[in-house]
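Scroll down for the structure; my scribbles are underneath it.
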């Protein structure tokens with residue numbers, strides 16, 4: 001989220017958009033929890049590192065495509081370097097608040113509202129209905145249990161909810177007993193690439209508007225599902241079919 005906001009220093013709107021999209025593909029601490037918890041702890045640390053390596057390659061490919069597809073030219077980044085002075089406590093506090101107030105006025109309410117709606121859906125039993133509707137994608141294409149669709153949607157609110165909800169739904173913290181190795185890798189891959197959490201979406205909307213933010217979310221989710229399906233079919237013979 002802070003990285004998306006920092007993209008405003010880029011010289012052109014084209015560079016700003018490309019940089020923000022690439023920022024959303026970089027594994028944050030919450031995504032790292034999912035990768036380590038699902039893959040490194042059960043399948044093996046080398047598979048977790050392979051996911052990071054794949055993500056780096058993907059970021060390079062997406063960045064290259066973005067520079068080719070989006071109109072405009074790249075320009076150098078010129079940033080003014082001010083004179084160094086002994087920091088003033090008043091100025092430091094004012095600038096700190098200016099850079100963090102969005103966490104309280106935009107991100108925190110989004111987290112609370114999204115989490116509350118998710119809890120209401122869980123209590124009302126709507127998640128079972130939703131998992132059935134998503135089964136053609138989660139089961140038919142990704143090779144995951146039907147309930148995984150709800151888990152992936154929860155990750156769109158907060159990425160760490162992916163593994164937390166999976167623990168609650170499956171009734172265990174030992175994912176190796178309920179999911180095959182290839183399923184754990186696929187779930188981590190989809191979580192890593194799919195739409196960022198609501199905090200990042202809010203930051204993107206602040207910079208680019210909800211139209212472009214929605215397009216980014218749809219594109220990344222579609223890419224995650226596409227790659228997840230291919231990964232299930234390619235890695236199944238190696239890791240063992242579900």
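Readers should treat all values here as calculations from the given coordinates under stated rules, not as data from a laboratory. Note that this is a predicted model, so its numbers are computed, not measured. Using ideal geometry, Cβ is built from the backbone for each residue, glycine included, and neighbour counts are taken over all protein chains shown.
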Checklist entry - Going by average Cβ neighbours within 10 Å, how do the peptides 29-38, 81-90 rank, with the highest at the top? => result 29-38, 81-90
Next on the checklist: Helix 181-193 against the longest principal axis of the chain: what's the angle in degrees, Cα atoms only, rounded to the nearest 10?
Outcome noted: 20
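For a quick protection proxy, order the peptides 141-151, 124-134 by their average other-Cβ count within 10 Å, most packed first.
Working: 141-151: 22.3, 124-134: 14.2.
Taking the mean over residues of other Cβ atoms within 10 Å, the ranking is 141-151, 124-134.
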Checklist entry - So what's the angle, to the nearest 10 degrees on a 0 to 90 scale, between helix 89-102 and the longest Cα principal axis of the chain? => result 40
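Kirkwood Rh, Cα Rg: Rg to Rh for region 149-242?
Rg/Rh for region 149-242 comes to 1.04.
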Next on the checklist: Modelling each spin label as a point 7 Å along the Cα-to-Cβ direction, I'd like the residue 101/residue 126 distance in nm, to one decimal.
Outcome noted: 3.4
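So what's the back-of-envelope 222 nm ellipticity for the chain, counting only DSSP H runs of four-plus at -39500 (n - 2.57) apiece and dividing by all residues, rounded to 500? Working shown, then result.
Values: 11 runs with 166 residues, N = 242.
The per-residue figure over the chain is -22500 deg cm²/dmol.
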Next on the checklist: Using only Cα atoms and rounding to the nearest 10 degrees, what angle (0 to 90) does helix 108-124 make with the longest principal axis of the chain?
Outcome noted: 20
